[in-house]
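Here the structure is laid out as structure tokens; the discussion comes afterwards.
The values are calculated or read from the model by the stated rules, or taken from the named source; none is laboratory data. Note that the coordinates shown come from a computational prediction; the quantities given were computed from them, not determined experimentally. Neighbour counts are summed over all protein chains in view; Cβ atoms, including those assigned to glycine, are modelled from backbone coordinates with ideal geometry.
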Amino acid sequence: MKLIKFKVENFRSVDNSDWIKAEDVTCLVGTNESGKTNLLIALWKLNPANNEPIIPLDDYPRKKYHSYKQTNGDEVFISAEFEIDSTTAIGLSKNSGWHEDLMKQIIVKRKYNGEYIYEYTKNRLDNIEKSHLTDLLDNIIIDYNSSELPNKEDDETNKSITNFINEEIINVSAKNNELSRQDILDIKKNFTTFIETNYKLKINLNLFFDNNLFLKLDKVISAFDANDLAVSDECKNIIKSKLPKFVYYSDYGNLDSEIYLPHVIENFGREDLGTRERAKSRSLKVLFEFVNLLPEQILELGKEAYPVKIIEQTKDTYNRITNTKERIEKPKDVDIEAESKKKREREILLQSASTSLTQKFKEWWKQGAYKFRFQADGNHFRIWVSDDKRLEEIELEGRSKGLQWFFSFFLIFLVESKDTHSNCILLLDEPGISLHPMAQMDLINFFNSLSKENQLIYTTHSPFLVSPNNLSGVHAMYVGENGESVVSPDLRSNKKIAEKSIYPIHAAIGITVSETLLYGCQPVLVEGISDQIYLQLIKKYVLSQGKYVNDKEIVFIPTGGVKGMSPVIKILCGRDNELPFVLLDSDKPGMEKQKQLQKDLYVDNKDKILSISTFINDGEYEIEDLMPIEELARTFSKQYRRVNSEDDFDYSYQRDKPIVNQMEEYAKKNGNTLSEGWKVDLAKECQKSFDRILEKTSDELKNKWIVLFDKITNDITKNRH
């Protein structure tokens, strides 16, 4: 199951975060005390890998705590939407009787009292992929040929049935990728007419099509109607078994080099530990679970066979006890041998665990070849570290804070994910905060490699841990006017209150700009993240056609709107005294910015400023107008669909007018509130289905894409000479 989005409400400082979209790697950027940690902890407690408890005294908002006893914990604090894999969706479909497409998304909620709520995201289908129908019809032919019917019917009948089904497959294949309810009704009607016209009296044939086709088509058709889809107990069990575990880690859990075992044992039995102590205790439990020895066992295995003081006593007639003699009894050879054997066993176990940890750690951490050694000495447990450059062993606490953090996080993840690393989502609170900036940038690459197997959400306020290549996965957090935590995908610093939270993102863009110059890339500035997404998709197509002739890699850098253009331009100019290319929308802000730049910074380089209208027509066109308009309209319509399909946006838009303006007017007219980041959300949806969109893209539009890149690359070459 993949996390699609989540929402935190009424949890610590968070009143209502609204839905936060989750990518493979999601970054929450904000100032201290903005509530980043609280978001992660709430999500962690949805399904914690370590069974972390919900603690109302800590987790319930302090300003509302007086009302907690009235609700008795019957309040949802975390909701998460997941995408379910096809195999599980089919299992849920068989169990519930509903079509599998209705089972592919689920919302899981948890209350303060620990109770879970499960809800299907959809209660009806808007459309269905045609592959479902072509697969169904393909299977009809297979089922028919493997049944007894071909032997009972004559060759002409068998040929007629096979030909008709193949014709229907061809007809379905020629349709749009997404089929409507009417399309399914038409298919059913075609088959019904065919059977009734030709084989009405053939009972076996009618039964075959009833069981193998019509029942399945009816199931699809019923999925288009609004249904009351309650999640059965059996389905809840299936979903719960597939629900990802959440592994949370903060530097509170960093391990020390020397661990006093009696203190550890005492804390393991306590239930009144504070946040820091509980985090440290959790890391220690994980450590000893990895070593495969309890701290009590380590102490027991390390006991010395000491001499024993023996006191002889006598009782008088009044049962009074008197010490009469004292002597020292040396340990027996058998005791010495037993203690020696236990010590040896302990050393072998610790050596084995040390070797295993060293090997596993090497697979993860590429900053150096580290070697770890566990040592038990009386009441103390120590962790020693050496590496290929510093061969002498040093206590873990004597190594860098960055290594301590990564070592402790590594152990948590290794153990709590049961060494499989599968079906776990990582939640990292301020990771690598003590790492060198270059190591922080390496950490981003490490996160990207981890995300191939595990989704990852992390918080930071360091620009070196914000990836400009993944700005669609970055959300800004700040403290609202009333002291509440606010989270937004809008990365424009047009709100005074959000400036400090947005700063690391803008700084990260500056860092990336410098990197693009260092590595010989050609930056092209665009206004927003949505522009970057669309242009990267277009670039992907141009590359696939072999039409990209520039020897420099073109990198599209979003500047957070036209206001962000000038600062980024100055950053770029500061290095090589060369102005970057700028691609602006043809709307009013874009045209005004173009005039401003051509009068000022670009007075001698006007050809380096490109406008979208150059590639389309005169008018307030934006990057979105370079995409297939009908597909963009369909995607927008899905997000803001009305009950009456005749009023849907994809039925009412005008092809010859700028699409973004029409979308905004449609939303306003129909009472839909567009979020601040709605254009980015739309771009992400198009990104997900770009291969399908590309199939529907006209050759005329594809040529415009090639002309756009020709213009950029030719101007780059011209300006270079």
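Remarks
- For the residues LEU396, LEU357, LEU391, the requirement of being loosely packed, with under 12 Cβ neighbours inside 10 Å, assigned by TED's automatic domain parsing to the domain that holds VAL264 and modelled with pLDDT of 80 or more singles out LEU391.
- On the stretch given as the range 153-181, residues that are farther than 30 Å from GLU695 by Cα, touching a Leu at 6+ places or on another chain (Cβ under 9 Å) and not β-branched (Val, Ile, Thr) total 2.
- Verdict on GLY560 being crowded, with 17+ Cβ neighbours inside 10 Å and assigned to a helix (DSSP H, G or I): no
- GLU622 touching a helix residue (DSSP H, G or I) at 6+ places or on another chain (Cβ under 8 Å) and within 23 Å of GLU178 (Cα to Cα): no
- Only one of the listed residues (SER241, SER222, SER283) is in a helix (DSSP H, G or I), among the hydroxyl-bearing types (Ser, Thr, Tyr) and surrounded by 19 or more Cβ atoms within 10 Å (Cβ to Cβ). That residue is SER283.
- Hey, LYS330 modelled with pLDDT of 80 or more, out of contact with any Asp or Glu (no Cβ under 8 Å at 6 or more places or on another chain) and of a type in the set (D, E, K, R) or not: no
- Residue in the range 638-663 that is nearest to ASP126 (Cα to Cα), counting only those that are at pLDDT 85 or above and within 29 Å of the chain's Cα centre (by Cα): MET663
- Residue within the range 301-311 that is modelled with pLDDT of 75 or more and not assigned by TED's automatic domain parsing to the domain that holds LEU350 present: yes
- Every condition in (1) under 27 Å from ASP625 (Cα atoms); (2) modelled with pLDDT of 80 or more; (3) not in a strand (DSSP E or B) is met by SER472 except one, and the failing one is (2).
- Residues of the range 158-189 that turn out to be surrounded by fewer than 15 Cβ atoms within 10 Å (Cβ to Cβ), hydrophobic (A, V, I, L, M, F, W, C) and within 24 Å of ASP225 (Cβ to Cβ), as a count: 1
- Filtered residue count, the range 576-592, keeping only those that are part of a helix (DSSP H, G or I) and exposed (fewer than 14 other Cβ atoms within 10 Å of the Cβ): 3
- Considering the conditions (1) under 21 Å from LEU414 (Cα atoms); (2) free of Cβ contacts under 8 Å to residues at least 40 places away in the same chain, ILE394 is excluded by exactly one of them, (1).
- Residues in the range 593-614 that are in a helix (DSSP H, G or I) and within 21 Å of PHE709 (Cα to Cα): GLN594, LYS606, ASP607, LYS608, ILE612, SER613, THR614.
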